[in-house]
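Colleague: This is the structure, below, for whatever I ask next.
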Amino acid sequence: MKIGMIGLGAMGLPISERLLSANYELYVYDIVSQAVEKAVSKGAVSCHSAGEVASNVDVVMFSLPNARIIQDVLEEILACNTVSANVIADLSSVSPASSRHFAEMMGKKKIKYIDCPVSGGVGGAAAGTLTVMVGGDKETLDMLMPVLNTIGKKIYHVGEVGAGSAIKMINNYILGCNMATVAEALVLGAKLGLDLATMHEIIQNSTGRSFIIENKVPNFIMKRNFGGGFAVDLEYKDLGLSIESAKQMNMPLLMGSTAVQVFEMARAKGFGKQDITSLVKIWEELMNIEVK
C-alpha cells in the first residue's frame, strides 16, 4: 500500500517516520521545506503539491492545523484529474460538522473520507502509541487497520463520519479546561508557600491527578521549558470548536468559555507557539511569584 502524508508538523513528521519504519512507501508534502527534507532523509518521496501526493498513492493522510487548510487541500485534490487515492484518512482535529462536510465533498469523486484524529502527543506519535479515534464505515477502517496499528496502540471505531472528531473535540475540551485550572492552582499553591515538587508528588497520587499533572508538569513546568509540546494556538482552536458546536445546540459551556479566555491571554502574551503549560506564566506574572 502506498501512503501519502500531507502536513509534516509536530505530529505529522513523527507519524511519517513511524510509517517509514514499517516499510510503507510514503509520499509527503508540506509548505515547510525543512520538514519535507527531514522526511526525505528517512526515505520518503517529496511531492510538490497535494494533488501530486494523491496521484501517487492509495491512501492520503492529513495532519493539518485547521478546517480551512483542509478545505483548500481537498479542493486541490478534487481538481486534479490524475488522483489514484481512494481514501482520505484525516488525523487532524476539526469539528464533527467539518468532517461530515469533507466526506460529502470527497464522495463526489468516489473517494472515502474518514476522520481519525489522534491523541498522545509528540511522544506518542514517535513511539507509535497514539490513541486513534475513527469516524467512518467499518469496511474502510478494516482496510486501514494495518496502517493505524503502525501509529497507534489503541484504535477505537467511534461511529460514522464525524464521530471520531466529536470525541477528540471533547477530549481536548477537557484537556484545555484542566490546563487552565492546573496553572491557576499551582500559582495559588506557590503563594501559600508550597513548592512545586511537593504539589506534584501529592497531587499525582491523589484525586486531582490528570495527564497535565502526570505528564505536563514534570516535563515542562518543572524544567521551565515551554517549547515544543502542544501549542497554545492549537488548544485555543480546539476549545473554540467545542464552544461553536455547543452554540449550535443552544448549550452553554461555562468552564470552556472561561478557559478559552485564559488561552486568549496567553496568546496576547506571545505564548501562542509555546506548550499549553505556558499558561502558568500568566498567573506567575500576575501574582509576582514563580512556581518552583
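The values are calculated or read from the model by the stated rules, or taken from the named source; none is laboratory data. The structure displayed is predicted, hence computed values, not measured ones. We place every Cβ from the backbone using ideal geometry, glycine too, and count neighbours over all the protein chains shown.
Colleague: Given the structure, is ALA190 farther than 21 Å from GLY120 by Cα and surrounded by 17 or more Cβ atoms within 10 Å (Cβ to Cβ)? Reasoning before the result, please.
Modeller: On the way: farther than 21 Å from GLY120 by Cα: yes; surrounded by 17 or more Cβ atoms within 10 Å (Cβ to Cβ): yes.
When the stated conditions are applied, ALA190 passes them.
Colleague: Scan PHE230, PHE211, PHE226 and give me the residue that is among the hydrophobic types (A, V, I, L, M, F, W, C), surrounded by fewer than 18 Cβ atoms within 10 Å (Cβ to Cβ) and under 19 Å from the mean Cα position of the chain (by Cα).
Modeller: Numbers: PHE230 fails: surrounded by fewer than 18 Cβ atoms within 10 Å (Cβ to Cβ); PHE226 fails: surrounded by fewer than 18 Cβ atoms within 10 Å (Cβ to Cβ).
Checking each option against the conditions leaves just PHE211.
Colleague: Taking the criterion of being in contact (Cβ under 8 Å) with a residue 12 or more places away in the chain, under 24 Å from ILE243 (Cβ atoms) and surrounded by fewer than 18 Cβ atoms within 10 Å (Cβ to Cβ), would at least one residue in segment 113-136 satisfy it?
Modeller: yes
Colleague: Kindly establish whether GLY128 is at positive phi and out of contact with any His (no Cβ under 6 Å at 6 or more places or on another chain). Give the derivation first.
Modeller: Values: at positive phi: yes; out of contact with any His (no Cβ under 6 Å at 6 or more places or on another chain): yes.
Yes.
Conditions (1) more than 22 Å from the chain's Cα centre (by Cα); (2) in a helix (DSSP H, G or I); (3) not assigned by TED's automatic domain parsing to the domain that holds GLN248, marked per residue:
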residue: ILE15; (1), (2), (3): no, yes, yes
residue: MET61; (1), (2), (3): no, no, yes
residue: VAL73; (1), (2), (3): no, yes, yes
residue: LEU78; (1), (2), (3): yes, yes, yes
residue: SER99; (1), (2), (3): no, yes, yes
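Colleague: For segment 175-210, how many residues meet the condition of being free of Cβ contacts under 8 Å to residues at least 40 places away in the same chain and not in a helix (DSSP H, G or I)?
Modeller: 10
Colleague: Name the residue that is farthest from the chain's Cα centre (by Cα), counting only residues in segment 136-155 that are outside any helix (DSSP H, G or I) and closer than 18 Å to ASN86 by Cβ.
Modeller: Let us first name the residues in segment 136-155 that are outside any helix (DSSP H, G or I), namely 136-137, 152-155.
The next check asks that each one be closer than 18 Å to ASN86 by Cβ; those that pass are 136-137.
Values: GLY136: 19, ASP137: 22 Å.
Taking the candidates together, the pick is ASP137.
Colleague: Considering ALA246, ALA259, which residue is farther than 23 Å from LEU91 by Cβ, free of Cβ contacts under 8 Å to residues at least 12 places away in the same chain and either surrounded by 15 or more Cβ atoms within 10 Å (Cβ to Cβ) or in the same structural domain as ALA10 (by TED's automatic domain parsing) (or both)? Reasoning before the result, please.
Modeller: Values: ALA259 fails: free of Cβ contacts under 8 Å to residues at least 12 places away in the same chain.
Exactly one of ALA246, ALA259 is farther than 23 Å from LEU91 by Cβ, free of Cβ contacts under 8 Å to residues at least 12 places away in the same chain and either surrounded by 15 or more Cβ atoms within 10 Å (Cβ to Cβ) or in the same structural domain as ALA10 (by TED's automatic domain parsing) (or both), namely ALA246.
Colleague: Let me spell it out: the conditions are (1) at pLDDT 95 or above; (2) in contact with a Phe, Trp or Tyr (Cβ under 9 Å, 6 or more places away or on another chain); (3) among the aliphatic types (A, V, I, L, M), and VAL122 meets all of them except one. Which number is the exception?
Modeller: (1)
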